[in-house]
Amino acid sequence: MEGSLSLIIFTLLGQASAGMVLLLPFFADPETDRGRIAGGVALALLCAGALFSLGHLSDPWVSFYTITNAGTSWLSREIWFVGLLGAATLAWLVTRRAWIRWLAALVGLGLVYVMSRVYTLPTVPFWNSAATFWTFLASGLLTGAATLLFLNGLAARRDPEAARRLTTGWQPVILVLAFGLRVLVLPLQWMTSPMPDHVVLQCWALAFLLAGAALGPLLLVRNGCRAALSGESRICPCPLAVRAGILCGLTWAGEICGRMLFYSGYTWFGM
């Protein structure tokens with residue numbers, strides 16, 4: 001699909017931003033500096049994705065016209081929701097009002113839905129089902145959770161309590177649950193339409209996600225519990241920030257492979 005690289009980056013970054021805003025209360029107190037830093041990272045990812053989205057336009061200088069058909073075009077609505085999510089997140093960072101943060105989370109969920117509708121095309125059977133929405137939602141939760149986990153890993157270098165929550169709390173479990181949702185969606189796509197015949201890409205996507213979003217977080221919890229029970233400060237010699245960074249990188253790599261596979265469905269089945 002022409003321009004798919006820019007679309008891969010745009011959709012992944014936009015969905016990660018939405019996932020971070022949705023999951024923020026589970027990873028950090030939104031009213032603390034750490035919570036606001038996470039909100040700032042989510043906003044930065046969204047802005048970067050919006051810039052990359054211009055890459056699939058034949059003339060980026062006339063991109064203004066893409067927002068003029070919101071009444072009939074899901075593509076125009078997608079651009080509007082990107083702007084609304086950015087505005088709501090920025091408003092929360094400035095005002096620090098909880099209701100604006102919840103509004104931003106709802107807008108983020110709406111953005112994921114609108115993105116999925118852009119790709120619900122009868123001419124592309126691999127995309128034309130509810131599985132596209134659940135795939136995008138699982139992707140946003142995975143990349144959002146992995147990024148928040150990495151940010152908390154960086155903060156844990158100076159905060160023992162944050163390190164304890166990172167290894168024995170709900171944070172790694174949420175990443176595993178998001179992986180579970182991602183795996184459950186796969187059979188829905190397979191039942192709707194055959195997968196594109198890219199076996200190597202499928203294997204890489206599953207391998208990265210299994211290592212980064214399933215086995216890795218479980219090992220993180222295991223080592224954390226062992227350290228807490230034994231009284232040692234650390235069981236694994238690798239710093240917590242590095243381990244969190246590896247999990248984040250593997251999760252993002254898996255989602256990049258999965259999104260490449262998703263867009264290959266256009267040329268494989270499209271008309």
Kindly establish whether Phe126 is touching a residue at least 12 places away in the same chain (Cβ under 8 Å), within 23 Å of Leu206 (Cβ to Cβ) and within 18 Å of the chain's Cα centre (by Cα). no
Being at pLDDT 90 or above and in contact with a Pro (Cβ under 8 Å, 6 or more places away or on another chain) is true for just one of Leu206, Leu210, Leu247, Leu220. Which residue is that? Leu247
Residue under question is Thr72, and the condition is that it be touching a residue at least 60 places away in the same chain (Cβ under 8 Å) and more than 21 Å from the chain's Cα centre (by Cα); does it hold? no
Determine, yes or no, whether Asp59 is at pLDDT 70 or above, among the charged types (D, E, K, R), surrounded by fewer than 17 Cβ atoms within 10 Å (Cβ to Cβ) and out of contact with any Phe, Trp or Tyr (no Cβ under 6 Å at 6 or more places or on another chain). no
Please enumerate the residues belonging to the range 62-81 that are in a helix (DSSP H, G or I) and either open to solvent by 50 Å² or more (accessible area, probe 1.4 Å) or at pLDDT 95 or above (or both). Val62, Phe64, Tyr65, Trp74, Leu75, Arg77, Ile79, Trp80, Phe81
On the given criteria, is Trp92 assigned to a helix (DSSP H, G or I), surrounded by 14 or more Cβ atoms within 10 Å (Cβ to Cβ) and at pLDDT 90 or above? yes
Within the group Ala138, Ala205, Ala213, Ala178, which residue is in contact with a Ser or Thr (Cβ under 6 Å, 6 or more places away or on another chain), open to solvent by less than 50 Å² (accessible area, probe 1.4 Å), assigned to a helix (DSSP H, G or I) and within 17 Å of Cys257 (Cβ to Cβ)? Ala213
Positions within the range 5-39 being in a helix (DSSP H, G or I), open to solvent by 30 Å² or more (accessible area, probe 1.4 Å) and out of contact with any Pro (no Cβ under 8 Å at 6 or more places or on another chain), in sequence order: Leu5, Ile9, Leu22, Pro25, Phe26, Asp33, Arg34, Ile37
Given the conditions (1) closer than 14 Å to Phe262 by Cβ; (2) part of a helix (DSSP H, G or I); (3) not aromatic (Phe, Trp, Tyr), every one holds for Ser129 apart from (2)
Scope the range 99-124; condition open to solvent by less than 50 Å² (accessible area, probe 1.4 Å) and either more than 24 Å from Pro30 (Cα to Cα) or out of contact with any helix residue (DSSP H, G or I) (no Cβ under 8 Å at 6 or more places or on another chain) (or both); matching residues: Val114, Met115, Ser116, Val118, Tyr119, Thr120, Val124
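The values are calculated or read from the model by the stated rules, or taken from the named source; none is laboratory data. Keep in mind the model is a prediction, meaning the values are calculated, not measured. Note that each Cβ is placed from the backbone with ideal geometry, even for glycine, and that neighbours are counted across all protein chains shown. Accessible surface is based on the protein model in full, side chains and every heavy atom, while ligands, DNA and RNA are left aside. Shrake-Rupley method; radii C 1.70, N 1.55, O 1.52, S 1.80 Å.
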